[in-house]
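Have a look at the structure below, then the notes.
Quick note: the coordinates plus some simple rules give every number you see, no bench work behind them. Predicted model only: the values in this text are computed from it and were never measured. Reconstructed Cβ throughout: ideal geometry from the backbone, glycine too, with neighbour counts over all protein chains shown.
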Amino acid sequence: MKIQRFISPAGKNQYLLTSAGEAASLDVSEAHEEVGAILRDSGIELKYLLITHAHKRHLHALPALKKKFGGTFCLHEYEYELLNESDGALEPDRMVADGEMLPLGDVDIEVILTAGHTKGSVSYYVKKARALFSGSCFLKKGYGKIWGPKSMSLMLFSLKRLSYNIPAKTTIYTGSGDLTTMGDEGWVQCLRSV
């Protein structure tokens with residue numbers, strides 16, 4: 001699998017995943033024209049439009065990408081309410097569940113519910129590529145913004161779950177800032193006793 005990273009002026013990460021002639025955009029916003037040019041020039045099919053959560057900045061490029069290249073817009077059911085608040089005109093093509101596998105070329109993308117930043121935030125794990133796309137859940141040396149005690153308890157649960165299930169050699173492709181690896185984030189192991 002090939003992973004291409006695009007960084008917005010504000011430091012937000014966007015990704016294009018390609019495998020065996022199929023592609024998935026992930027949290028693509030400001031880079032949508034660049035991603036579109038790559039898809040057009042390579043002739044690769046855009047199979048999925050993925051977002052880690054439904055804050056507005058992840059949504060504004062979806063209609064243009066979908067109109068030009070197709071693709072299935074996936075959303076976790078817990079994120080539907082926020083989607084409607086952020087952009088009432090958008091509708092997901094497919095509701096995805098925790099643990100669901102999305103085949104892309106010769107790899108599978110696992111959906112992992114990592115609530116905390118939002119109620120239906122998800123991370124995407126590609127075991128074969130040793131890659132976790134964590135959105136605003138897991139960041140280098142920390143985690144994303146929380147919105148109160150309930151949000152914090154969900155975030156702690158999500159981080160502990162990742163610490164137990166994601167191998168140390170996995171690269172964490174964060175939603176903002178630098179990339180890291182699970183093994184380099186020893187602090188998350190301390191949460192197991194919380």
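Sort 31-38, 20-27 by packing, meaning the average of other beta carbons within 10 Å per residue, with the highest value first.
Details: 31-38: 16.9, 20-27: 21.8.
Top of the packing list down: 20-27, 31-38.
If you take every DSSP beta bridge fully contained in the range 2-193, what fraction is antiparallel? Give it as a percent rounded to 5.
On the way: 27 of 42 bridges.
Taking every DSSP beta bridge within the range 2-193, about 65 percent pair in antiparallel fashion.
Packing order of peptides 164-173, 182-191, 53-62, highest average first: 53-62, 164-173, 182-191 (average count of other Cβ atoms within 10 Å over each peptide's residues). The orientation-averaged projection of the convex hull spanning the C-alpha atoms of the chain amounts to 10.0 square nanometres. The residues packed around Gly120, meaning those with a beta-carbon under 9 Å from its beta-carbon, carry a net charge of -2 if Lys and Arg are +1 and Asp and Glu are -1. Helix 32-42 and the longest principal axis of the C-alpha atoms of the chain enclose an angle of approximately 60°. Overall, the chain carries a charge dipole of about 560 debye about its Cα centre when +1 sits on the Cβ of Lys and Arg and -1 on the Cβ of Asp and Glu, all other atoms neutral. Note on the range 1-71 and the range 121-194: Cα centroid distance 22 Å, given to the nearest whole angstrom. Of the residues Lys119, Lys67, Lys145, which exhibits the maximal mean-square fluctuation in a Gaussian network model of the chain defined by a 10 Å Cα contact cut-off? Fluctuation is largest for Lys67.
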